[in-house]
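The values are calculated or read from the model by the stated rules, or taken from the named source; none is laboratory data. Computed from a prediction, not measured in an experiment: that's the story for all the values here. Cβ atoms come from the backbone with ideal geometry, glycine included; neighbour counts cover every protein chain shown. Accessible surface areas use protein heavy atoms only, side chains included; no ligands, DNA or RNA. Shrake-Rupley method; radii C 1.70, N 1.55, O 1.52, S 1.80 Å.
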Amino acid sequence: QYGHVVIKVRPGEKGSGAGITALIKEEVALAAASRKITADEINQAQANGVTPVEIPILKDALLIVVHPDNKVEKLTEQQVAKIFAGQLTNWKEVGGADARITVYARNEESGTYAYMQEDVIQKLLGKGAAYSSDINKQQSAPAGLTAVARDKTGIFYAGLGNIQDLGSNASKLKVLPIARSTRDSAGVVTDDTRFVPGDEANIRDNSYPISRFLYYYSAGDYHTSGNHVLTAYIDYVLSDEGQKLGEQLGFLPVD
């Protein structure tokens, strides 16, 4: 309830890509995404008479998780990219046991899947880089977390909120500190020497390398859309009360 308006929201759970596609087709008034809309999606929308407007609503981070028995205690962002791209395939290559790395990832409909490919793998390994063909695609973050909790050779990524949702079961996983890696114009990648835990303070001040925003996309400016329910809902999400609710769900407020 916000002011004198009572709003009932019916969310879908098909991933960022499906949500944006539904917005393009004018099937929904609002799409939630854990990645930025692509140039191709914007072109499709405009061709259909839809102008997507981006609304950052919360801040999140991708945490890298392994089984608690895994000897690896930290990774660089470059090592993360190479693992998910299939360029590192054995844990001994990153200081662990002599065992094949089992890679778990979200599926293509997930904004998290796209974020890892575009903002980690391709950012550090080049535009031609992509996920390894030898990955185990998961329908949801909880499914991937459950898989790694049962697999001593597994690795997965999940949002801060997903990890916090585990509660006491978080002890079944180990979250690794990550060192930032940067790629210069010549393609040379340099690793920072500071390994940063993915806790709230480090995500807030952007010290943790693999951080991102969560977005809503509306068809045109929601303030002038004439849809007063939509306007009231988004205003609530961005209000102090709405942002505090986001924090209760395990995310961080937009500064």
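For the residues Q44, Q243, Q139, a GNM of the chain with alpha-carbon springs under 10 Å puts the largest fluctuation on Q44. Can you give me the C-alpha center-to-center distance between segment 17-66 and segment 90-156, rounded to a whole angstrom? Distance between centres, Cα-based: 23 Å. Can you tell which of N43, N136, N162 shows the greatest fluctuation in a Gaussian network model of the chain with Cα springs below 10 Å? Maximum fluctuation in the GNM of the chain, among the listed residues, is at N43.
In square angstrom, what is the accessible area per residue of the chain with a 1.4 angstrom probe?
Numbers: 12990 Å² over 255 residues.
Accessible area per residue: 51 Å².
When a 1.4 Å probe is rolled over the protein heavy atoms, the share of accessible surface on the chain that falls to carbon and sulfur comes to 48 percent. Relative to the longest principal axis of the Cα atoms of the chain, the long axis of helix 228-238 makes an angle of roughly 40 degrees.
Taking only alpha carbon atoms, the chain gives an Rg to Rh ratio of 0.99, where Rh is the Kirkwood radius.
Its DSSP H runs of at least 4 residues, each contributing -39,500 (n - 2.57), put the calculated 222 nm mean residue ellipticity of the chain at -8000 deg cm²/dmol, to the nearest 500. Modelled label positions at A186 and L249, each set 7 Å beyond Cα in the direction of Cβ, lie 4.6 nm from each other. The stretch between A18 and Q139, if pulled fully straight at 0.36 nm per residue, gains 42.3 nm over its current Cα-Cα span.
For Cα pairs less than 8 Å apart in space and 6+ apart in sequence, what is the mean separation divided by the residue count of segment 127-225, i.e. the relative contact order in percent?
Working: 67 pairs, mean separation 15.7, N = 99.
It rounds to 16 percent for segment 127-225.
With the convex hull drawn over the C-alpha atoms of segment 79-226, the volume per residue is 162 Å³.
Please tell me the relative contact order of the chain in percent, rounded to the nearest whole number, where contacts are Cα pairs under 8 Å and at least six residues apart.
31 percent
May I ask for the longest run of the chain untouched by trypsin sites (Lys or Arg not before Pro) that are loop-located per DSSP and have at most 10 neighbouring C-beta atoms (other than their own) within 10 Å? If you can, show how the numbers build up before the last one.
Values: sites that count: K8, K127, R150.
It runs 9-126.
Under a Gaussian network description of the chain, with springs only between Cα atoms under 10 Å, the residue in A81, A99, A186 that fluctuates furthest is A186.
DSSP finds beta bridges in segment 103-255, and of those with both partners inside it, around 55 percent are antiparallel. Determine the gain in length on full extension of the stretch N48-D235; use 0.36 nm per residue of separation and subtract their C-alpha separation, reporting nm with one decimal. Full extension from N48 to D235 adds 64.7 nm.
Other residues lying with their Cβ under 15 Å from the Cβ of I37 contribute a combined charge of -2, Lys and Arg counting +1, Asp and Glu -1.
Beta-bridge orientation, the chain: approximately 80 percent antiparallel, per DSSP, counting only bridges with both partners inside. For the residue pairs K36/K174; K137/K172; K25/K127; K137/K174, the alpha carbons lie more than 26 Å apart in K36/K174; K25/K127. For segment 105-165, the square roots a ≥ b ≥ c of the C-alpha gyration tensor eigenvalues yield an a/c of 1.5 or more together with a/b exceeding b/c, which makes the shape prolate.
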